[in-house]
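Inspection log for the structure reproduced underneath, given as structure tokens.
The values are calculated or read from the model by the stated rules, or taken from the named source; none is laboratory data. A quick note: this is a predicted structure, and the numbers were derived from the prediction, not measured. Here the Cβ positions follow ideal geometry from the backbone for every residue, glycine too, while neighbour counts run over all protein chains shown.
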């Protein structure tokens, strides 16, 4: 746990969050500023600052599989969904703890931003 990381504090239960699923070193919770009817953040429970800092490819695969399984469980997989990883400041990452945005429940436009 990194003491000044807001997502580490969510994992530790120090900051409340609407947790949707926890398991296998992963946590999914609702985004506080949703951009779609379904907007979850999927994070590893151990601190990894960004995609650039993710040294273990198994963690990356587990994150994607966890997000895929959530999409199926929430009923958005058949219609389609988007998984977004913002990396570092210019990539739009505002919390420096690796996280995926799982978005669904509406048609996604392109380009995204």
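Condition check: at pLDDT 95 or above, assigned to a loop (DSSP other than H, G, I, E, B) and surrounded by 17 or more Cβ atoms within 10 Å (Cβ to Cβ). Does residue 101 satisfy that?
Spelling it out, it is not the case that residue 101 is at pLDDT 95 or above, assigned to a loop (DSSP other than H, G, I, E, B) and surrounded by 17 or more Cβ atoms within 10 Å (Cβ to Cβ).
Return yes or no: is residue 75 under 18 Å from residue 18 (Cβ atoms) and without any contact (Cβ under 8 Å) to a residue 24 or more places away in the chain?
Numbers: under 18 Å from residue 18 (Cβ atoms): yes; without any contact (Cβ under 8 Å) to a residue 24 or more places away in the chain: yes.
So residue 75 fits the description; yes.
Condition (residue is in contact with a helix residue (DSSP H, G or I) (Cβ under 9 Å, 6 or more places away or on another chain) and closer than 26 Å to residue 109 by Cβ) applied to region 12-23: is it met by at least one residue?
yes
With the condition being surrounded by fewer than 16 Cβ atoms within 10 Å (Cβ to Cβ), I'd like the strands (runs of 3 or more DSSP E) fully within region 17-70 carrying at least 2 qualifying residues. It would help to see each step written out before you state the result.
On the way: elements: 19-23, 26-30, 38-44.
Those strands (runs of 3 or more DSSP E) span 19-23.
Looking at region 71-91, which of its residues are assigned to a loop (DSSP other than H, G, I, E, B) and over 17 Å from residue 54 (Cβ atoms)? If you could, list the steps in order and put the result at the bottom.
Going residue by residue through region 71-91, those that are assigned to a loop (DSSP other than H, G, I, E, B) are 74-80, 85-88.
Selection gives 74, 75, 76, 77, 78, 79, 80.
Of all the residues that make up region 3-16, how many are outside any loop (DSSP other than H, G, I, E, B), surrounded by fewer than 18 Cβ atoms within 10 Å (Cβ to Cβ) and in contact (Cβ under 8 Å) with a residue 60 or more places away in the chain? Don't jump to the end; show me each part of the working.
Looking only at region 3-16, we keep the residues that are outside any loop (DSSP other than H, G, I, E, B), and these are 6-12.
Checking which are surrounded by fewer than 18 Cβ atoms within 10 Å (Cβ to Cβ) leaves us with 6, 9, 12.
Among the residues that remain, those that are also in contact (Cβ under 8 Å) with a residue 60 or more places away in the chain are: 6.
Count: 1.
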